[in-house]
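Novice: The following block contains the structure, expressed as structure tokens.
The values are calculated or read from the model by the stated rules, or taken from the named source; none is laboratory data. As the structure is a prediction and not an experimental result, all values here were calculated from the model. We place every Cβ from the backbone using ideal geometry, glycine too, and count neighbours over all the protein chains shown. The area values use the complete protein model at the heavy-atom level, side chains included, leaving out ligands, DNA and RNA. Shrake-Rupley method; radii C 1.70, N 1.55, O 1.52, S 1.80 Å.
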Amino acid sequence: MLLICLVCGWIYDSARGDPKEGVKPGTPFESLPASWVCPFCKAKKAYFIPFINGLVRWDMGDGPAKTATMTALDAIAEEHRIIERMLAVLTTAQAWLKKGEAVAPNQLLEAVDFLKVFADRLHHGKEEGVLFPALESHGMARTRGPIGLLLQEHAEVRMIIKALADAIPEYERSGGKAAEKIAGSLALLLELYPQHTAKEDNYIFPRGGLLLGKADLKGVLVEFRKFDEHAGFNTRRKYLELVKRLGKELGGAGEIGLEERHRDDGRGG
């Protein structure tokens, strides 16, 4: 039987098992230890559901749609962790630009693509199209309330992303002032976004767990997955792979840092 990870799209095939983690071929998914996690994104077993004839089966198994009431909120919070890994990469990129060091334009373009598609279209799209309306319907304030503030910050993030995208072609042509513009936009993003996710992690999501019932949260999760299915699960995997690769190339996210990069390219001691 095949089961798909709803975080990254990795498929567990019981016929193949997971030999790298010591799981022999022929091991049923239900026989995997509770400590087993997705080898690609480290999501827990609860994030896997049956994948039959190319279709996600929400009506089968014990995946997120049928487990604890916080799983819908856990799913959206997990995306924060992926975005934070990209922010770690961008922190390193900004440090290089501030030092007058070059960052490849294609790497900056890939990071902007991540911000546009994964962070904004998928993640913010789920919040604005599904979660926030559900919270509003249960009494959470929008105007002059937390949802209104978060929506304002989403708009600010989009403006920063646009500024980054607009500055990269100039940077590719001439560097100089454009590098300063990019570093400045990154500084704004790196200041705003951690504060933004902290509001959601520490208030919105816990509060949502109190306001929304189990049926509400199941409905929210199903709608979240429609976003993922529309984009394609390979899209999620694409951006997870991008974060890992840029982490190795630029540093950050637990990968190569500034001093190591100097040593690796022969410029350091």
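Novice: Could you pull out which residues in the range 78-98 have an amide N less than 20 Å from a spot 7 Å beyond the Cα of Glu170, following the Cα-Cβ vector?
Specialist: The answer is 94-98.
Novice: For the range 155-199, what value does the Rg/Rh ratio take when both radii are computed over Cα atoms and Rh is the Kirkwood radius, given to two decimals?
Specialist: 1.06
Novice: Can you tell me the accessible area per residue over the range 181-248, all protein chains present, probe 1.4 angstrom, in square angstrom?
Specialist: Per residue, the range 181-248 has an accessible area of 47 Å².
Novice: Whole number please: convex hull volume per residue, Cα atoms of the range 71-222, in Å³.
Specialist: Normalising the Cα hull of the range 71-222 by residue number yields 96 Å³.
Novice: Separate question: Give the carbon-plus-sulfur fraction of the accessible surface of the range 81-120 in %, rounded to a whole number; probe 1.4 Å, heavy atoms of protein chains only.
Specialist: Of all accessible area on the range 81-120, carbon and sulfur atoms account for 53 percent.
Novice: Given points 7 Å out from each Cα along the Cα-Cβ axis, report the Glu229 to Glu136 separation in nanometres with one decimal.
Specialist: In this crude spin-label approximation the distance works out to 2.5 nm.
Novice: With every atom except the alpha carbons ignored, what do you get for Rg and Dmax of the range 94-164, in angstroms?
Specialist: Here Rg and the maximum Cα pair distance are 16.0, 51 Å.
Novice: I need the semi-axes of the equivalent ellipsoid of the range 145-259: take the C-alpha gyration tensor, multiply each eigenvalue by 5, square-root it, list largest first in whole angstrom.
Specialist: 32, 19, 15
Novice: Please express the Cα-Cα pair-distance distribution P(r) of the range 161-226 as a list of whole percents, one per 10 Å bin, running from 0 to the bin with the greatest distance.
Specialist: Each 10 Å bin holds this share of Cα pairs: 18, 27, 20, 20, 13, 2.
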